[in-house]
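Worksheet: the structure to be examined is printed underneath.
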Amino acid sequence: MKRRSLCPQEKIDLVGPGIKVHSVVRHGGVMIHAEYVGPVACPQCSSEQLRTKDRFVRKLRHESIGTKNTWLYLTLRKYRCEDCRRYFRARVPGLLPYRRSTEMFRQEIFMDHRDGISQQQLHRTRRIGSATVERWFHDHLELKEKMFSSRLCPTVLGIDEHFFTKKQGYATTFCDLQKHRIFEVAKGRSEHSLHSALMRMKGRERVQVVCIDLSSSYRSLARKYFPNALIVSDRFHVVRTVIRHFLDTWKLLDPVGRKNRGLLSLMRRKGENLRPEQQARLERYFEQNPAIGMVYKAKEELCELLNQKHRTQKDCRPLISRLLYWIDQLRNSPFEPLRTLGATLSSWRDEIARMWRFTRNNGITEGFHTKMELIQRRAYGFRNFSNYRLRVIVMCG
């Protein structure tokens, strides 16, 4: 058993302000003997005219010192208020009534479990139950979520879906694209399932831009619940839709060549990203199939048009003319996939044209979906959506 004294500055940093440390004993851990000497007032009338009636000691788990578990033996006093005649015990900052641990220790357990230390490992090293770890962790999640619940809707909002469970289906993510954080997560992807979550959002009239994929349900939802927002299509989903329909056209023209994985990889890429030998291979293939070469050239020109960025209002006018030209050409095509693509681009022409002005896209939201998958894997899956939502908002908010 070792005993040592502490300097005044170390006493303040060890436990907290208002607590005087008498001794520190190391015996199977660290035991701190201290006394609360901070200000005390009556909780009912706030009077400071008090009389000491008794002393008692509370044994508390405290924040670990290095790898050593720490116990705090805190001496407190029982008072009697001379004004209202009420008896009470001193209230200590950082220590709630009826608890056997300080808030600093509970915060330490929350941080360790959040960073990936399992409940069983914390049970062995910190000598607390697994159920206690889960309860404390959930309490801190709820506390932090209350801090986020009063936030107003962001001005630039991204909406996208992600898979939750086989039984409960999909969930919808609302992402603040301006500050790169998750704003809300709601179960479902239809208007009926998202209605209550959308009505709880504060400041929906503040939203100026909503970025979505080519989902008609999300477009009608954005028009109804965010009336002052401009809807912008996500460039990645638009280009992917174009490539998919052109590949379907290729399948109609050459079903055997479409199954060639090497050719498939080259057809999907941008022509400018191909190496000379790869370009030569495509040219040889197009010499044997000139119709496919024309389709590939059309795909490259249309994708180049859609990938334009950072354009002013004046710059967008010729781009809009080219987009309308391509829509007309696709709708009059003899191939069904291209006619379907033309109808889709025609339905979304306003939202697609706004891509050239607004640089924000749902790539930020897709990145958060990857983090959500990691959260699910670390927990070996979730059954309760409320617990999943709490973790996502706190860890990605």
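The values are calculated or read from the model by the stated rules, or taken from the named source; none is laboratory data. Just so you know, these numbers come straight off a predicted model, no measurement behind them. No Cβ is skipped: glycine too gets one built from the backbone with ideal geometry, and neighbour counts run over all protein chains shown. Each accessible area value is taken on the protein alone, full model and side chains, heavy atoms only, with ligands, DNA and RNA left out. Shrake-Rupley method; radii C 1.70, N 1.55, O 1.52, S 1.80 Å.
Would you please list the contacts, defined by Cβ atoms under 7 Å and residues six or more apart or on different chains, that run from a residue in region 378-397 that is within 15 Å of L143 (Cα to Cα) and part of a loop (DSSP other than H, G, I, E, B) to a residue that is open to solvent by 50 Å² or more (accessible area, probe 1.4 Å) and at pLDDT 85 or above?
G397/R181
Can you name the condition, by its number, that R219 falls short on among (1) farther than 12 Å from V156 by Cβ; (2) without any contact (Cβ under 8 Å) to a residue 60 or more places away in the chain; (3) of a type outside the set (S, T, N, Q); (4) surrounded by 13 or more Cβ atoms within 10 Å (Cβ to Cβ)?
(2)
Can you tell me how many residues in region 142-167 are of a type outside the set (G, A, S), part of a loop (DSSP other than H, G, I, E, B) and surrounded by fewer than 17 Cβ atoms within 10 Å (Cβ to Cβ)? Full working, then the answer.
So the first thing to find is which residues in region 142-167 are of a type outside the set (G, A, S), and the list is 142-148, 151-157, 159-167.
Cutting the leftovers down to part of a loop (DSSP other than H, G, I, E, B) gives us 151, 153-155, 166-167.
Right, trim to surrounded by fewer than 17 Cβ atoms within 10 Å (Cβ to Cβ) and you get 151, 155, 166-167.
Adding up the residues that qualify gives 4.
I need a count of the residues in region 241-266 that are closer than 22 Å to L345 by Cβ, over 35 Å from the mean Cα position of the chain (by Cα) and open to solvent by less than 20 Å² (accessible area, probe 1.4 Å).
So the answer is 2.
Between R189, R200, which is farther than 16 Å from E300 by Cα, touching a Phe, Trp or Tyr at 6+ places or on another chain (Cβ under 6 Å), open to solvent by 20 Å² or more (accessible area, probe 1.4 Å) and charged (D, E, K, R)? Write out each step before concluding.
Working: R200 fails: touching a Phe, Trp or Tyr at 6+ places or on another chain (Cβ under 6 Å).
From the options R189, R200, the qualifying one is R189.
Among I212, I231, which is buried (at least 21 other Cβ atoms within 10 Å of the Cβ), at negative phi and in contact (Cβ under 8 Å) with a residue 40 or more places away in the chain? Walk me through how you get there before you give the answer.
Values: I231 fails: buried (at least 21 other Cβ atoms within 10 Å of the Cβ).
The match here is I212.
List the residue pairs whose Cβ atoms are under 6 Å apart, where the first residue sits in region 107-118 and is more than 12 Å from S130 (Cα to Cα), the second is of a type outside the set (D, E), and the two are 6 or more positions apart or on different chains.
F110/F137; F110/H140
What's the number of the condition E301 fails, among (1) surrounded by fewer than 14 Cβ atoms within 10 Å (Cβ to Cβ); (2) within 22 Å of V210 (Cα to Cα)?
So the condition that E301 fails would be (2).
Cβ-Cβ below 6 Å, separation at least six or inter-chain, first residue in region 237-259 and among the small types (G, A, S), second crowded, with 16+ Cβ neighbours inside 10 Å: which pairs?
The qualifying pairs are G257/L263.
Being open to solvent by 50 Å² or more (accessible area, probe 1.4 Å) and aromatic (F, W, Y) is the filter here, so list the residues in region 80-94 that pass it.
Y87
Might you check whether a residue that is in a helix (DSSP H, G or I), under 30 Å from the mean Cα position of the chain (by Cα), aliphatic (A, V, I, L, M) and closer than 23 Å to R240 by Cα occurs anywhere in region 354-364? Working first, answer last.
Taking region 354-364 first, the residues in a helix (DSSP H, G or I) are 354-356, 363-364.
With the extra rule that they be under 30 Å from the mean Cα position of the chain (by Cα), the set shrinks to 354-356, 363-364.
Subset that is aliphatic (A, V, I, L, M): 355, 364.
With closer than 23 Å to R240 by Cα added as a condition, the list becomes 355, 364.
Yes, because at least one residue in region 354-364 is in a helix (DSSP H, G or I), under 30 Å from the mean Cα position of the chain (by Cα), aliphatic (A, V, I, L, M) and closer than 23 Å to R240 by Cα.
State yes or no: is K202 basic (K, R) and within 22 Å of the chain's Cα centre (by Cα)?
Working: basic (K, R): yes; within 22 Å of the chain's Cα centre (by Cα): yes.
Answer is yes for this residue.
Across region 362-397, what is the number of residues that are of a type in the set (F, W, Y) and touching a helix residue (DSSP H, G or I) at 6+ places or on another chain (Cβ under 6 Å)? Steps first, please.
Taking region 362-397 and keeping what is of a type in the set (F, W, Y), we get 368, 380, 382, 385, 388.
Narrowing the set further to residues that are touching a helix residue (DSSP H, G or I) at 6+ places or on another chain (Cβ under 6 Å) leaves 368, 382.
Of the residues in region 362-397, 2 are of a type in the set (F, W, Y) and touching a helix residue (DSSP H, G or I) at 6+ places or on another chain (Cβ under 6 Å).
What pairs come up if the first residue lies in region 333-354 and is among the aromatic types (F, W, Y), the second is open to solvent by less than 10 Å² (accessible area, probe 1.4 Å) and part of a helix (DSSP H, G or I), and their beta carbons are under 9 Å apart, counting only those six or more places apart or on different chains?
Within 9 Å, the pairs are F335/T249; W348/V238.
Residues checked against (1) under 40 Å from the mean Cα position of the chain (by Cα); (2) open to solvent by less than 90 Å² (accessible area, probe 1.4 Å); (3) at pLDDT below 95:
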{"position": "Q313", "(1), (2), (3)": "yes, no, yes"}
{"position": "C316", "(1), (2), (3)": "yes, yes, yes"}
{"position": "D328", "(1), (2), (3)": "no, yes, no"}
{"position": "S333", "(1), (2), (3)": "no, yes, yes"}
{"position": "A343", "(1), (2), (3)": "yes, yes, no"}
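Just checking, which of D112, D139 is crowded, with 16+ Cβ neighbours inside 10 Å and over 30 Å from N228 (Cα atoms)?
On the way: D139 fails: crowded, with 16+ Cβ neighbours inside 10 Å.
Going through D112, D139 in turn, the sole match is D112.
List the residue pairs whose Cβ atoms are under 8 Å apart, where the first residue sits in region 177-199 and is more than 17 Å from M372 (Cβ to Cβ), the second is among the charged types (D, E, K, R), and the two are 6 or more positions apart or on different chains.
Q178/R360; E191/K224; S193/K187; L198/R204
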